[in-house]
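Participant: Pasting a structure below so you can have a look.
The values are calculated or read from the model by the stated rules, or taken from the named source; none is laboratory data. Since the structure is predicted, the reported quantities are computational estimates derived from the model, not experimental observations. A quick note on method: Cβ atoms are made from the backbone with ideal geometry, for glycine too, and the neighbour counts reach across all protein chains shown.
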Amino acid sequence: MYDSGKIIPGLIIFVLIVTFPIWFNHGVAADPPKAELPKDKKQCVLPLSEIRPNHMKTLNQWRDEVLRTEDRSFFSVEGTMYQKSLQNACMQCHVSKKKFCDVCHTYAAVTPYCWDCHLEPVEEATKEDVN
Amino acid sequence: MFEKALKGNNNYWMWLGFLGTFMAIGAICYIRQFNYGLGLTGMSRDVSWGLYISNFTFLVGVAAGGVMLVLPYYVHNYKVFGRITILGEFLAIAALTMCLMFIIADLGQPIRALNVLLHPTPNSMLFWDMIVLNGYLFLNIICGWVILTAERKQVKPPKWVYIFVYISIPFAISIHTVTAMLYCGLPGRHFWLSAIIAPRFLASAFAAGPALIVFVSLILKRVAHFDAGREATNKMVTIILYAALINAFFVMLEFFVGYYSQIPGHMHTLQYLFFGLEHHGHVYNNLVPFMWGFVVLTLTGFTLLAIPYTRRNDFWLAIGSAALFIGLWLDKGIGFVLGGFVPSPLEEITEYYPTFNEIMITIAVWCTGFFILTVLYKIAVGVEHEVEA
Amino acid sequence: MDKKRREFLKIAGISTLAGLGAPAVVDRLVSGVSPLAARAAVEVQPGGHGAESQAPAEHGAEVVPTGKQYGMVIDVRKFIAQPGLADECIKACNVSHNIPQFPDPKDEIKWIWLTGHENAFPDNSQYHLSETMENNQVLVLCNHCANPPCVRACPTKATFKDKNGIVAMDYHRCIGCRFCMAACPYGSRSFNWRDPRDPQGGLDMNNLNRLFPTRMRGVVEKCNFCVERLGRGEEPACVAATGGSKAMVFGDLNDPDSEIRQVLKQNYTVQRKPSLGTKPSVFYII
């Protein structure tokens with residue numbers, strides 16, 4: 001091989017850089033975050049096993065139903081009626097965007113654009129303004 | 001064949017470096033726009049399209065203009081254009097790339113651009129424009145590349161490529177027709193609501209595209225020893241002259257319809273573009289110099305190209321074709337789109353002044369187009385030289 | 001005729017045929033591609049008042065329309081009698097929909113606003129206009145046309161006709177091409193040239209209607225006939241702001257028993273630019 005003196009160290013440096021996150025964390029994954037759940041509510045719109053992996057699909061489905069097919073029917077959870085709405089249903093119980101939404105989204109490095117338009121619960125907003 | 005673009009003299013690299021500098025400045029300006037929003041441009045609620053869309057419209061024409069070389073050569077077997085059809089095809093690639101860049105620069109949410117494919121909407125002319133523009137780009141890349149490769153190997157191009165060549169001819173017409181339909185099907189925009197828009201666009205395109213090719217081929221003659229040939233140049237000039245004449249005829253027809261019918265909506269924009277429009281005691285006329293520039297430059301260009309003495313002189317021929325190209329750009333790339341927004345649907349007048357940021361992005365897109373054009377022409381000329389050697 | 005030319009004509013003929021057939025194929029493909037797309041295709045069906053039927057109708061004959069078409073009657077006389085009422089309507093809309101009030105007119109966003117009589121009705125005669133009208137300002141808003149050009153122009157179905165006849169916007173889908181703004185003959189659409197939440201001149205984030213979202217930059221927005229309030233069984237915000245004055249009457253234009261139809265029956269009304277065939281759903285009593 002020509003230039004093996006350059007190629008082999010180069011390859012080693014490349015592999016080291018690419019694998020940086022693995023060896024830097026000693027092969028141990030960071031603890032998965034724990035989203036803060038509402039204390040006084042037991043039941044969500046869907047069972048945990050569905051809502052956790054599929055909440056984005058549910059939100060998209062609600063969005064299309066409400067906005068595009070004008071199906072604004074309400075639904076009931078534990079006897080309370082809710083609209084199909086992120087801002088006006090989900091966030092009624094999950095009162096903190098930071099402790100509920102952001103912890104996982106930051107961990108998974110996703111930035112959904114929900115909050116570009118939709119308003120997060122007011123307590124959080126004021127805190128953010130103070131910061 | 002790309003290796004041909006990697007070997008060049010100092011002038012070649014300096015030219016690319018010059019273009020690259022503007023491309024870099026434009027990229028920074030685009031990042032600023034991406035982060036802040038289109039509020040960094042001069043566009044407003046009343047003039048909601050600006051330099052980006054107007055230049056896009058003009059460049060669709062430049063792309064379509066290449067067909068004026070392809071059609072005589074492939075359909076009428078006009079052999080003289082054999083050396084330069086590749087210039088037409090490569091010009092279309094560069095022009096269409098600019099078009100797509102202008103569209104992306106103009107979108108408020110560029111990252112959602114693919115929604116056009118995700119939610120196809122056949123009733124929208126923009127959907128069809130997307131299809132024909134990308135289709136024509138694809139066709140030109142295929143045809144240009146395959147035919148040039150065959151030429152380099154000194155074999156006949158494969159038969160299947162002719163299918164794409166022939167399809168590309170109606171596609172060239174369609175890209176500019178559909179682009180005209182973006183405008184001429186909108187109720188309440190009197191200046192655009194005219195059945196003559198599509199033919200007028202085609203006429204101006206068939207003048208502007210070949211004019212640019214004549215101009216560039218004269219440069220290639222000096223810097224790259226690539227001679228398009230006197231007969232081919234003369235034939236292109238004839239095409240340019242007729243097309244420019246038809247375009248002027250169509251413009252005058254618009255004037256006749258507006259001013260003879262005396263329907264205010266049909267006169268207002270022409271009045272605004274060419275003479276200035278008075279409204280509540282104020283005369284709005286910021287596009288007037290551009291429109292008279294269009295008249296003067298196209299007349300100059302036409303004269304220089306029409307008189308045999310100046311046509312035979314490379315210097316005057318270059319000046320003439322450049323004047324015609326710039327003149328037609330002023331007409332379609334400035335006046336047509338921007339003028340259509342005056343007066344607004346609520347009979348108010350808002351004038352549009354592009355911002356520095358916006359102008360730099362526009363220049364950068366043009367420079368990117370010329371960068372691509374330079375590289376592609378370098379390859380094409382390199383192959384020609386290799387074959388001749 | 002040489003061989004090449006003959007070949008070309010053959011190909012040209014075949015591609016023309018293919019071109020003629022393509023739209024039908026595309027239509028079928030589109031409606032078959034996903035339930036969502038199919039649903040969207042259904043939404044586009046115009047159910048408007050006076051919607052033309054497919055069969056050739058007698059010239060000028062009104063075809064019995066199907067479906068709902070919400071509309072509005074604006075009684076200009078009542079707004080003249082109560083100065084300041086129009087501003088109340090505008091304010092109610094701005095507050096209800098979190099509409100930013102940018103100081104620079106270039107960034108302006110408006111859903112309902114006041115404009116001169118001649119600006120609102122440029123097609124009507126302005127010659128020797130009565131003094132009241134000459135200086136009068138009229139409320140204008142999206143006309144929620146039964147035949148909306150903006151919906152035709154939109155390349156992503158981000159703006160569409162919903163089943164109540166409202167020309168709705170799906171801000172999640174809008175790519176910000178502003179084709180709809182060029183297509184609207186009433187200047188009813190605004191574009192978010194900058195972030196509506198921009199601390200410089202944008203919304204006051206501590207003072208919002210927290211039941212309604214804001215918009216993001218780069219999308220087009222316009223009056224939505226308060227579709228979110230209708231869903232809760234309330235009147236549109238501007239109509240509610242007129243109180244019991246009946247300066248604005250809102251209702252289903254296709255329901256012969258609705259209040260709006262009674263008002264239309266009893267009064268001579270005009271629409272903005274009716275000659276364009278857009279069939280506006282907002283009527284004015286002058």
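Participant: Kindly provide the set of residues from the range C:65-85 that are among the small types (Gly, Ala, Ser) and in a loop (DSSP other than H, G, I, E, B), ordered by number.
Facilitator: Scanning the range C:65-85 gives C:67, C:84.
Participant: Follow-up. Evaluate the following for residue C:132: is it more than 21 Å from residue B:181 (Cα to Cα) and either surrounded by fewer than 22 Cβ atoms within 10 Å (Cβ to Cβ) or within 14 Å of chain B (Cβ to nearest Cβ) (or both)?
Facilitator: Yes.
Participant: Out of the residues in the range C:201-251 that are among the charged types (D, E, K, R), at pLDDT below 95 and not in a loop (DSSP other than H, G, I, E, B), which is farthest from residue C:84 (Cα to Cα)?
Facilitator: Per the criteria, the residue is C:228.
Participant: Let me ask something else. Filter the range A:78-125 down to residues that are of a type in the set (D, E, K, R) and closer than 20 Å to residue A:66 by Cβ and give me whichever is farthest from the chain's Cα centre (by Cα).
Facilitator: A:84
Participant: Do you know which residues across the range A:45-74 are touching a strand residue (DSSP E or B) at 6+ places or on another chain (Cβ under 7 Å) and more than 14 Å from chain C (Cβ to nearest Cβ)?
Facilitator: Within the range A:45-74, just A:45 meets the criteria.
Participant: Before we move on, is residue C:158 buried (at least 23 other Cβ atoms within 10 Å of the Cβ), closer than 30 Å to residue C:233 by Cβ, small (Gly, Ala, Ser) and within 12 Å of chain B (Cβ to nearest Cβ)?
Facilitator: Judged against the criteria, residue C:158 is a match.
Condition check ((1) under 18 Å from residue C:154 (Cβ atoms); (2) surrounded by fewer than 23 Cβ atoms within 10 Å (Cβ to Cβ); (3) within 13 Å of the chain's Cα centre (by Cα); (4) of a type in the set (Ser, Thr, Tyr)) across all residues:
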residue	(1), (2), (3), (4)
B:91	no, no, yes, no
B:95	no, no, yes, no
B:98	no, no, yes, no
B:112	yes, yes, no, no
B:116	yes, yes, no, no
B:121	yes, no, no, yes
B:126	yes, yes, no, no
B:131	yes, yes, no, no
B:134	no, yes, no, no
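Participant: Does the range A:30-42 include one or more residues that are in contact with a helix residue (DSSP H, G or I) (Cβ under 6 Å, 6 or more places away or on another chain) and aliphatic (A, V, I, L, M)?
Facilitator: yes
Participant: Could you tell me how many of the residues in the range A:67-120 are of a type in the set (A, V, I, L, M) and part of a loop (DSSP other than H, G, I, E, B)?
Facilitator: Number of matching residues: 5.
Participant: When you scan the range B:47-54, do you find a residue that is closer than 22 Å to residue B:112 by Cα and surrounded by fewer than 18 Cβ atoms within 10 Å (Cβ to Cβ), even just one?
Facilitator: Checked the range B:47-54: no residue is closer than 22 Å to residue B:112 by Cα and surrounded by fewer than 18 Cβ atoms within 10 Å (Cβ to Cβ).
Participant: Also, quick follow-up: With B:303, B:374 as the choices, which residue is touching a helix residue (DSSP H, G or I) at 6+ places or on another chain (Cβ under 8 Å) and over 30 Å from residue B:31 (Cα atoms)?
Facilitator: Going through B:303, B:374 in turn, just one is touching a helix residue (DSSP H, G or I) at 6+ places or on another chain (Cβ under 8 Å) and over 30 Å from residue B:31 (Cα atoms): B:303.
Participant: Let me ask you something else. Out of (1) in a loop (DSSP other than H, G, I, E, B); (2) free of Cβ contacts under 8 Å to residues at least 60 places away in the same chain; (3) within 11 Å of chain B (Cβ to nearest Cβ), what's the single condition that is false for residue C:180?
Facilitator: Tallying (1) in a loop (DSSP other than H, G, I, E, B); (2) free of Cβ contacts under 8 Å to residues at least 60 places away in the same chain; (3) within 11 Å of chain B (Cβ to nearest Cβ), residue C:180 fails exactly one: (1).
Participant: Can you pull out every residue in the range C:223-250 that is at positive phi and crowded, with 22+ Cβ neighbours inside 10 Å?
Facilitator: Listed by number, the residues that qualify are C:225, C:226.
Participant: From the list B:250, B:171, which one is among the aromatic types (Phe, Trp, Tyr), within 14 Å of another protein chain (Cβ to nearest Cβ) and part of a helix (DSSP H, G or I)?
Facilitator: B:171
Participant: Same structure, new question: Taking the conditions exactly as written (touching a strand residue (DSSP E or B) at 6+ places or on another chain (Cβ under 8 Å), farther than 25 Å from residue B:347 by Cβ and facing another protein chain (nearest Cβ under 7 Å)), does residue C:195 satisfy them or not?
Facilitator: no
Participant: Taking residue A:41 as meeting all but one of (1) farther than 20 Å from residue C:169 by Cα; (2) at pLDDT 85 or above, write down the number of the exception.
Facilitator: Only one criterion in (1) farther than 20 Å from residue C:169 by Cα; (2) at pLDDT 85 or above is unmet by residue A:41, namely (2).
Participant: Would you confirm whether or not the range B:269-283 contains a residue that is free of Cβ contacts under 8 Å to residues at least 24 places away in the same chain and polar (S, T, N, Q)?
Facilitator: Yes, the conditions are met somewhere in the range B:269-283.
Participant: Being surrounded by fewer than 21 Cβ atoms within 10 Å (Cβ to Cβ) and over 24 Å from residue B:95 (Cα atoms) is the requirement here; does residue B:272 meet it?
Facilitator: So residue B:272 does not fit the description; no.
Participant: Go through the range B:144-162 residue by residue and tally those that are within 14 Å of chain C (Cβ to nearest Cβ) and in contact with a helix residue (DSSP H, G or I) (Cβ under 7 Å, 6 or more places away or on another chain).
Facilitator: Going through the range B:144-162 one residue at a time, the tally reaches 3.
Participant: On to the next question. For residues that are among the hydrophobic types (A, V, I, L, M, F, W, C) and more than 14 Å from chain B (Cβ to nearest Cβ), scanning just the range C:198-222, find the one that is nearest to residue A:69 (Cα to Cα).
Facilitator: This residue is C:212.
Participant: To continue, here is another question. What's the total number of residues in the range B:118-143 that are away from every other protein chain (no Cβ under 11 Å) and of a type in the set (Phe, Trp, Tyr)?
Facilitator: Qualifying residue count, the range B:118-143: 2.
Participant: Okay, next question. Out of C:208, C:253, which single residue is aliphatic (A, V, I, L, M) and within 26 Å of residue C:150 (Cβ to Cβ)?
Facilitator: Going through C:208, C:253 in turn, just one is aliphatic (A, V, I, L, M) and within 26 Å of residue C:150 (Cβ to Cβ): C:253.
Participant: Where in the range B:300-389 are there helices (runs of 4 or more DSSP H), lying wholly inside it, with at least 2 residues that are crowded, with 19+ Cβ neighbours inside 10 Å?
Facilitator: Helices (runs of 4 or more DSSP H) meeting the threshold: B:314-328, B:356-388.
Every residue, every condition in (1) more than 22 Å from residue B:185 (Cα to Cα); (2) touching a Cys at 6+ places or on another chain (Cβ under 7 Å); (3) basic (Lys, Arg); (4) in contact (Cβ under 8 Å) with a residue 40 or more places away in the chain, yes or no:
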site: B:77; (1), (2), (3), (4): yes, no, no, no
site: B:80; (1), (2), (3), (4): yes, no, no, yes
site: B:88; (1), (2), (3), (4): yes, no, no, yes
site: B:94; (1), (2), (3), (4): yes, no, no, yes
site: B:105; (1), (2), (3), (4): yes, no, no, yes
site: B:113; (1), (2), (3), (4): yes, no, no, no
site: B:127; (1), (2), (3), (4): no, no, no, no
site: B:131; (1), (2), (3), (4): no, no, no, no
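Participant: Now a separate question. Condition check: more than 25 Å from residue B:385 (Cβ to Cβ) and surrounded by fewer than 18 Cβ atoms within 10 Å (Cβ to Cβ). Does residue B:163 satisfy that?
Facilitator: Answer is yes for this residue.
Participant: Something else about it: Do you know which residues across the range B:258-280 are in a helix (DSSP H, G or I) and either of a type in the set (Phe, Trp, Tyr) or touching a His at 6+ places or on another chain (Cβ under 6 Å) (or both)?
Facilitator: B:258, B:259, B:260, B:265, B:266, B:272, B:274
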